[in-house]
Amino acid sequence: MKTKDPEPRRVAVVTGGAGGIGGGIVAALAERGFDVVVCDLAIGAAAKDALGTQVAPPARLAFVEGDLADLAGHPALVHAIHAAFGRVDCLVNNAGVSVKSRGDLLDVTPESYDLNFAVNTRAAFFLTQAVCRRMLADGIALGESQRSVVFVSSSNAAIAAPERGEYAMSKAAVSMMNQLFALRLAPHGIAVYEVRPGLIRTAMTRVAQARFDGLLAEGFTPINRWGQPQDVGRAVATLASGDLPFTTGAALPVDGGMHIHHY
Ligand code: NAD
């Protein structure tokens, strides 16, 4: 008797996946049964080794390098992403930049404004557009919420941060992007979500570590500790797993309760 072919493994793409929060997302998705394409500017041997130790077989890893802000490079990038394992079921838009130095809103430069929007907003929008066109063309029929797009925005999408306003504005736009793509892709069974990390210990927050250590000592967040990349990874993998049918366009804070208005 012919044995039934095994279910094909689902494939996720994680931008900015070489380390930081992206590394936590890669590990969590692999644990949930995804093969993962890690997409980042440059992925050194040390980053590949570190990710390799967190991803156990049968999960497979592939690496695609490229600057997401360079839209002219997107066709080649999307081709390489798709060629890695022959399909894409989940796109995690995690790559991001913040301001080089925090300062007065009245001193924000056009260069810093443009960089934040180029990576955090514009690149995420057009990559999602290109990857989803490819997903629709593939026409792989899966159950409701089995394919997904996850945007990693920030608590600053909703909580004003005047000392890095251009970053906060670029992330607020990502929140609308989440809802727009959710509407567009729902008829195709692709669920879209936004994850809003709070204070997570990575290279991005290292510059402000002393300040936030001080705030945490005074009880900065209801769950009063630094978040870790794994905390965000677990949330993204849960959303991407398809375990939450009849949901799309939702924003999930992973911030220790920082977003709760209280006195
Ligand atoms: P990080 O600086 O450690 O990692 C960002 C990753 O994005 C890096 O690997 C970097 O190489 C990649 N990247 C940047 N520009 C790119 C480009 N043009 N093309 C391709 N890759 C690019 O930062 P992180 O803390 O891990 O942040 C990950 C995401 O989470 C970002 O979108 C960030 O805004 C968001 N976030 C972080 C925090 C936090 O506290 N760390 C809080 C809220 C939101």
Mind listing whichever residues of the stretch 102-115 are of a type in the set (S, T, Y) and in contact (Cβ under 8 Å) with a residue 12 or more places away in the chain?
-> S112, Y113
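So, in the stretch 103-121, exactly how many residues are more than 10 Å from the ligand (Cβ to nearest atom) and either open to solvent by less than 80 Å² (accessible area, probe 1.4 Å) or out of contact with any helix residue (DSSP H, G or I) (no Cβ under 6 Å at 6 or more places or on another chain) (or both)? Can you show your working first?
We begin by selecting, within the stretch 103-121, every residue more than 10 Å from the ligand (Cβ to nearest atom); these are 103-114, 117, 121.
So of that shortlist, the ones also either open to solvent by less than 80 Å² (accessible area, probe 1.4 Å) or out of contact with any helix residue (DSSP H, G or I) (no Cβ under 6 Å at 6 or more places or on another chain) (or both) come out as 103-104, 106-112, 114, 117, 121.
Matching residues across the stretch 103-121 total 12.
Criterion first (open to solvent by 20 Å² or more (accessible area, probe 1.4 Å) and out of contact with any Gly (no Cβ under 8 Å at 6 or more places or on another chain)) does A47 satisfy it?
Numbers: open to solvent by 20 Å² or more (accessible area, probe 1.4 Å): yes; out of contact with any Gly (no Cβ under 8 Å at 6 or more places or on another chain): no.
Criteria not met by A47.
Could you look through the stretch 140-164, keep only residues that are under 16 Å from the mean Cα position of the chain (by Cα) and hydroxyl-bearing (S, T, Y), and pick out the one that is farthest from the ligand (Cβ to nearest atom)? Step through it out loud before you land on a result.
So in the stretch 140-164, the residues under 16 Å from the mean Cα position of the chain (by Cα) come out as 147-157.
Still in the running and hydroxyl-bearing (S, T, Y): 148, 153-155.
Numbers: S148: 17, S153: 7, S154: 4, S155: 6 Å.
Checking each candidate, the answer is S148.
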Of the residues in the stretch 19-39 that are touching a Leu at 6+ places or on another chain (Cβ under 8 Å) and part of a helix (DSSP H, G or I), the one that is surrounded by the most Cβ atoms within 10 Å (Cβ to Cβ) is V26
Under 28 Å from V254 (Cβ atoms) and away from the ligand (no atom under 13 Å from the Cβ), is that true of A59?
-> yes
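Looking at L252, L215, L180, L199 in this structure, which one is within 16 Å of the ligand (Cβ to nearest atom) and free of Cβ contacts under 8 Å to residues at least 24 places away in the same chain?
Exactly one of L252, L215, L180, L199 is within 16 Å of the ligand (Cβ to nearest atom) and free of Cβ contacts under 8 Å to residues at least 24 places away in the same chain, namely L215.
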Filter result for the condition that a residue is part of a loop (DSSP other than H, G, I, E, B) and modelled with pLDDT of 95 or more, over I81, I159, I140 = I159
Out of all the residues in the stretch 72-92, which are away from the ligand (no atom under 11 Å from the Cβ) and touching a strand residue (DSSP E or B) at 6+ places or on another chain (Cβ under 7 Å)?
-> A80, I81, A84, F85, R87, V88, D89, C90, L91
For the stretch 4-14, state whether one or more residues are within 16 Å of the ligand (Cβ to nearest atom), in contact with an Asp or Glu (Cβ under 7 Å, 6 or more places away or on another chain) and open to solvent by less than 10 Å² (accessible area, probe 1.4 Å).
-> yes
If you take the residues in the stretch 171-226 that are touching a His at 6+ places or on another chain (Cβ under 9 Å) and not basic (K, R), which one is farthest from N156 (Cα to Cα)?
-> P222
Among the candidates A69, A47, A95, which residue alone is farther than 30 Å from A160 by Cβ and either more than 12 Å from the ligand (Cβ to nearest atom) or small (G, A, S) (or both)?
-> A47
Read through the list (1) within 16 Å of the ligand (Cβ to nearest atom); (2) without any contact (Cβ under 8 Å) to a residue 24 or more places away in the chain; (3) aliphatic (A, V, I, L, M), then give the number of the only condition that A137 fails.
-> (1)
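Conditions tested, residue by residue: (1) small (G, A, S); (2) closer than 29 Å to A47 by Cα; (3) crowded, with 24+ Cβ neighbours inside 10 Å.
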position	(1), (2), (3)
R147	no, yes, yes
S155	yes, yes, no
A161	yes, no, no
A173	yes, no, no
V192	no, yes, yes
R196	no, yes, yes
T205	no, yes, no
Expected single match for hydrophobic (A, V, I, L, M, F, W, C) and without any contact (Cβ under 8 Å) to a residue 24 or more places away in the chain among A80, A12, A62 is A80
Could you run through the stretch 207-259 and say how many residues are surrounded by fewer than 13 Cβ atoms within 10 Å (Cβ to Cβ) and among the charged types (D, E, K, R)?
-> 5
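The values are calculated or read from the model by the stated rules, or taken from the named source; none is laboratory data. Because the structure is a prediction, the values reported are computed rather than measured. Don't worry about glycine lacking a Cβ; one is built from the backbone with ideal geometry, like all the others, and counts go over all protein chains shown. The protein model used for the area step is the full one, side chains on, heavy atoms only, and it has no ligands, DNA or RNA in it. Shrake-Rupley method; radii C 1.70, N 1.55, O 1.52, S 1.80 Å.
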